[in-house]
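Here the structure is laid out as structure tokens; the discussion comes afterwards.
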Amino acid sequence: MGRTEDLIREVECWSAHNYHPLPVVIERGEGPWVWDVEGNRYLDMLSAYSAVNQGHRHPKIVAALVEQAQRLTLTSRAFHNDQMGAFLHQVCELLGYPKALPMNTGAEAVETAIKAVRKWGYTVKGVAADAAEIVVCEENFHGRTTTIVGFSSEEQYRHGFGPFTPGFRLIPYGDIDALRGAINRNTVGFLVEPIQGEGGVIVPPEGYLKVAAELCREANVKLMADEIQTGLGRTGKLLASEWENVRPDVVMLGKALGGGVYPVSVTLADEEVMDVFTPGDHGSTFGGNPLAAAVGRAALGVIVEERLPERAAELGAWFMDELRAIESPHVEQVRGKGLMVGVVVKESSGTARPFCEALMERGILAKETHQQVVRFAPPLVVTRDVLEQALESIRDVIQAPAA
Ligand SMILES: *Cc1c(COP(=O)(O)O)cnc(C)c1O
């Protein structure tokens, strides 16, 4: 264990203490697998919060990265580059939107959506200056900028970071009446995750997004779907919104859009919203850079060619059935969609953390979210055989006496 401890101590010495990782140091990855510095192999069941849906170091994505890195990596948007257009064309055609604005991280895509919809509210809807409101949900997770944490309901995300940006209205997730009651003439958008990931893999009641979309349409409010975690195949569809046949007005994508090798995000919208931007309104030095564009194209290509949404749907339905069939005194509920699965640990059995630590000992990397939930979200290239083996370890761990 010497090497692992030394490497962890070095991070603890030099890094801000803003994370509490499991005590494993990874040095290599391939497909659904990662290896630590001691040579132990693990099944990655977090997939970097769904940024590695295509698996670690997918050869086509790495090849695109290397090939582009040898030609051109960054121009800034002060000039054109020969890659960005093809990338935006591809992502727009695949998702069915006419316009995309490229950024790097998920939080930036959310900020972009907020700015776009606010400006649409002022210039198109006719909301009075600085009066625009965006409705958001309790237990949301949309990133870590000061504006975004300002409308979080999680005390720890906010505490000590105020004052915050006004103009957001919090309502309970999954509650249509609350949405109806929150919309007024100043409402410009409803920002929502089709399934709340960091909130604990919370699946709203069936029909929620569908009715929310209708309410938004009637009130001339833009439905803004944060699909940064749920999108690109994770839940068994290209977008989780498709489960309810909803086409959001604005979509945010990130994470798997960079294929696990490079940060790439986009905000997608119709012209009515995206055309509010004029030169100088918004931007990013790295957004739309040629390396990101080449990687994004390859990442999307793999999702389509390897039918990752279909794989997630089939494997996920089976995997969740298997998890539900486990008789355990510790499990309150198994919930999710596709390969985005949460096992809720009963409060009487303690928190999810010791279960994650026990899984790690057996070669499975999962991370607790919100104290009580063990999230299982392997790369979508995982096979049924591999999951079958993992289930044996999962069974042992969640049937064992509480730690
Ligand atoms: C991860 C995530 C974000 C933020 O993405 P970053 O790349 O970490 O900024 C936003 N929304 C959702 C739903 C996420 O899961």
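Only the coordinates and a few stated rules stand behind these numbers; no lab work does. Being a predicted model, the structure only gives us computed values, none of them experimental. Virtual Cβ from ideal backbone geometry, glycine too; neighbours counted across all protein chains shown.
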Out of the DSSP beta bridges found with both residues in the range 59-305, what percent are antiparallel (nearest 5)?
40 percent
Surface/4 estimate of mean projected area, convex hull on alpha-carbon atoms of the range 66-182, nm²:
10.9 nm²
Please work out how many pairs of lysine residues in the chain are eight or more positions apart (or on different chains) and have Cα atoms closer than 20 angstrom.
19
In whole Hz and in residue order, list the ³J(HN,Hα) couplings for the range 356-372 that follow from phi through the Karplus curve 6.51 cos²θ - 1.76 cosθ + 1.60, θ = phi - 60°; x for Gly and Pro.
5, 5, 5, 5, 4, 4, 9, x, 10, 9, 10, 10, 6, 10, 6, 6, 9
The set of residues whose placed amide H lies less than 5 Å from the amide H of residue 382, leaving out same-chain residues fewer than 5 positions away, is none
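Taking the radius of gyration and the Kirkwood hydrodynamic radius from Cα positions alone, what is the Rg/Rh ratio for the range 188-340, to two decimal places?
On the way: Rg = 17.3 Å, Rh = 17.1 Å.
Dividing the radius of gyration by the Kirkwood radius yields 1.02.
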One would report the Cα pair-distance distribution of the range 279-401, bin width 5 Å, in %, as 2, 10, 18, 19, 14, 10, 9, 8, 6, 4, 1, 0, 0
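Answer rounded, prolate or oblate for the range 216-287, using the Cα gyration tensor with square roots of eigenvalues a ≥ b ≥ c: rounded when a/c is under 1.5, else prolate when a/b is larger than b/c, else oblate. Intermediate values should be presented prior to the final figure.
On the way: a/c = 3.28, a/b = 1.01, b/c = 3.23.
Cα axes put the range 216-287 in the oblate bin.
Rounded if a/c is under 1.5, else prolate if a/b beats b/c, else oblate: with a ≥ b ≥ c from the C-alpha gyration tensor eigenvalues square-rooted, which is the range 2-59? List each step's numbers first, then the result.
Details: a/c = 2.61, a/b = 1.55, b/c = 1.68.
Verdict is oblate for the range 2-59.
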Roughly how far apart, in whole Å, are the Cα centres of the range 58-100 and the range 215-263?
20 Å
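Which value at 222 nm does the chain reach when only helices count, each DSSP H run of 4 or more adding -39,500 (n - 2.57), with the total divided by all residues and rounded to the nearest 500 deg cm²/dmol? Provide the component values of the computation, followed by the final result.
Numbers: 14 runs with 145 residues, N = 403.
Estimated from H runs of four or more residues: -10500 deg cm²/dmol.
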Residue with peak Gaussian network fluctuation, the chain [Cα springs, cutoff 10 Å], from 318, 14, 243:
14
If N is the residue count of the range 200-242, its Cα Rg over 2.2 N^0.38 Å rounds to 1.24
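What's the magnitude of the charge dipole for the range 59-305 around its Cα centre, counting Lys and Arg as +1 and Asp and Glu as -1 at the beta-carbon? Answer in Debye, nearest 20.
Details: 21 positive and 29 negative charges, 100 e Å.
Computed charge dipole of the range 59-305: roughly 480 debye.
Taking the Cβ-Cβ separation of residue 78 and residue 324 as r and a Förster radius of 35 Å, what is the calculated FRET efficiency to the nearest 0.05? Intermediate values should be presented prior to the final figure.
On the way: r = 54 Å, r/R0 = 1.55.
The computed FRET efficiency comes out at 0.05.
Given charges of +1 on the Cβ of Lys and Arg and -1 on the Cβ of Asp and Glu, with all other atoms neutral, how large is the dipole of the range 53-203 about its Cα centre, in debye to the nearest 20?
Values: 14 positive and 15 negative charges, 111 e Å.
The dipole of the range 53-203 has a size of about 540 debye.
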For residue 99, other-chain or 5+-apart residues with amide H closer than 5 Å (H placed, Pro excluded) are 269
P(r) histogram, all alpha-carbon pairs of the range 1-116 included - 5 Å bins from 0, percent
2, 8, 12, 14, 17, 15, 13, 10, 6, 2, 0
From the square roots a ≥ b ≥ c of the eigenvalues of the alpha-carbon gyration tensor of the range 122-169, which class results: rounded (a/c under 1.5), prolate (a/b over b/c), or oblate?
prolate
How far is helix 384-399 tilted off the main Cα axis of the chain, in degrees rounded to 10, range 0 to 90?
70 degrees
The range 81-224: antiparallel DSSP beta bridges as a percent of all, rounded to 5:
10 percent
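Report, as a whole number in µm² per second, the diffusion coefficient that Stokes-Einstein gives for the chain at 25 °C and 0.890 mPa s using the Kirkwood radius over alpha carbon pairs. Walk me through the numbers before you get to the answer.
On the way: Rh = 21.9 Å.
So the translational diffusion coefficient is about 112 µm²/s.
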Under 5 Å between amide hydrogens, which residues at least 5 positions from residue 171 or on another chain qualify, with H placed 1.01 Å from N in the peptide plane?
136, 137, 138
Could you give the alpha-carbon Rg of the range 342-403 over 2.2 N^0.38 Å, rounded to two decimals?
1.08
